[in-house]
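Can you read through this structure? Questions will come right after.
The values are calculated or read from the model by the stated rules, or taken from the named source; none is laboratory data. The shown structure was predicted, so the numbers you read here are calculated from the model rather than taken from an experiment. Every residue, glycine as well, gets a Cβ built from its backbone with ideal geometry; the counts of neighbours run over all protein chains shown. Note: accessible area is taken over every heavy atom of the protein model, side chains too, but ligands, DNA and RNA are not part of it. Shrake-Rupley method; radii C 1.70, N 1.55, O 1.52, S 1.80 Å.
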Amino acid sequence: MNERGGTVVCPGSYDPVTKGHVDIITRAATNFDRVVVGVVNNPVRKAKTLFTAEERAGFITECMGHLENIEVKVFSTLLVEFAKANGAGAVLKGLRAISDFEYEFEMAQLNRKLDPEIESLYMIASPDYSFLSSTGVKEMATFGADVSDLVPAPVAAALAERLSGR
Ligand code: ADP
């Protein structure tokens, strides 16, 4: 009972990290010995990120550094290679809706083909954040909406600064 499951990788572009991500990473940290948050350097699905990989990783470290078993790293390789290089047996992602499921289903099958030893695990988003995405937050912030309930405070400040005057 209460045994935790080794090392897990929580990957994403985190552009920027939201309270939904924080929730998943925190829950991962209570269920695994070690959580490596992998910040994708150049996400394929996003033409250009608002924040650099170092900035995106920096926000997560700033907001989650108090949890001892979390490490934040930027990576530019295949996810399964990153997991293996970090001694992780599994990749853990958050699932919000059916639309997430379709994409994740495909990615899980591809990753299994690339490396059957790396397991893909999913946690259901908490109801408080199941509507929350980095894209939505950026759109809101662009039009001056208050996003302080949705993202950690340093991220809200950085969004206001980066997007003001757009
Ligand atoms: P991606 O670059 O794959 O789109 P994101 O950086 O947006 O990923 O998110 C990283 C991970 O966190 C993904 O597994 C995503 O499904 C999950 N996630 C994003 N937002 C939330 C949320 N509000 N609640 C739970 N999980 C989330």
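How much length would be gained if the chain were fully extended between Thr135 and Thr77, taking 0.36 nm per residue of separation minus their Cα-Cα distance, in nm to one decimal? Working shown, then result.
Working: separation 58, 0.36 × 58 = 20.88 nm, distance 2.35 nm.
Going from the current span to full extension adds 18.5 nm.
Okay, next question. Label the stretch 70-128 by shape, choosing from rounded, prolate and oblate, from the square roots a ≥ b ≥ c of the eigenvalues of the Cα gyration tensor; if a/c is under 1.5 it is rounded, and otherwise prolate applies when a/b is larger than b/c, oblate when it is not.
Values: a/c = 2.14, a/b = 1.37, b/c = 1.56.
Cα axes put the stretch 70-128 in the oblate bin.
Something else: Rounded, prolate or oblate: pick one for the stretch 1-122, where a ≥ b ≥ c are the square roots of the eigenvalues of its C-alpha gyration tensor, a/c under 1.5 means rounded, and failing that, prolate if a/b is larger than b/c, else oblate.
Values: a/c = 1.37, a/b = 1.02, b/c = 1.34.
It is rounded, given that a/c, with a ≥ b ≥ c, falls under 1.5.
If you don't mind, there's one more thing I want to ask. Give a quick list of GluC sites (Glu not before Pro) in the stretch 45-125 that DSSP marks as loop, anything other than H, G, I, E or B, with at most 16 other Cβ atoms within 10 Å. Intermediate values should be presented prior to the final figure.
Details: sites: Glu54, Glu55, Glu62, Glu68, Glu71, Glu81, Glu102, Glu104, Glu106, Glu117, Glu119; in loops: Glu68, Glu117.
Those satisfying the criteria are Glu68, Glu117.
Sticking with this one: Using 0.36 nm times the number of residues separating Lys48 and Asn31, minus their current alpha carbon distance, what extension gain do you get? Walk me through the numbers before you get to the answer.
Details: separation 17, 0.36 × 17 = 6.12 nm, distance 3.31 nm.
Full extension from Lys48 to Asn31 adds 2.8 nm.
Here's something else I'd like to know. If I build a Gaussian network model for the chain, linking alpha-carbon pairs within less than 10 angstrom, which residue out of Phe32, Phe131, Phe82 has the largest mean-square fluctuation?
Phe131
Using the heavy atoms of the protein chains and a 1.4 angstrom probe, tell me the accessible area per residue for the chain in square angstrom. Walk me through the intermediate numbers first.
Working: 9340 Å² over 166 residues.
Roughly 56 Å² per residue, with all protein chains present.
Could you pull out every whole DSSP H run in the chain that spans at least 30 Å of Cα extent along its own axis and averages 0.0 or higher on the Kyte-Doolittle scale? Working shown, then result.
Working: long enough: none.
Length and hydropathy pass: none found.
Oh, and also: Percent relative contact order of the chain, based on C-alpha pairs within less than 8 angstrom and at least six residues apart? If you can, show how the numbers build up before the last one.
Values: 239 pairs, mean separation 45.1, N = 166.
Reported relative contact order: 27 percent.
Using 0.36 nm times the number of residues separating Phe101 and Ser164, minus their current alpha carbon distance, what extension gain do you get?
On the way: separation 63, 0.36 × 63 = 22.68 nm, distance 3.40 nm.
Between Phe101 and Ser164, full extension yields an extra 19.3 nm.
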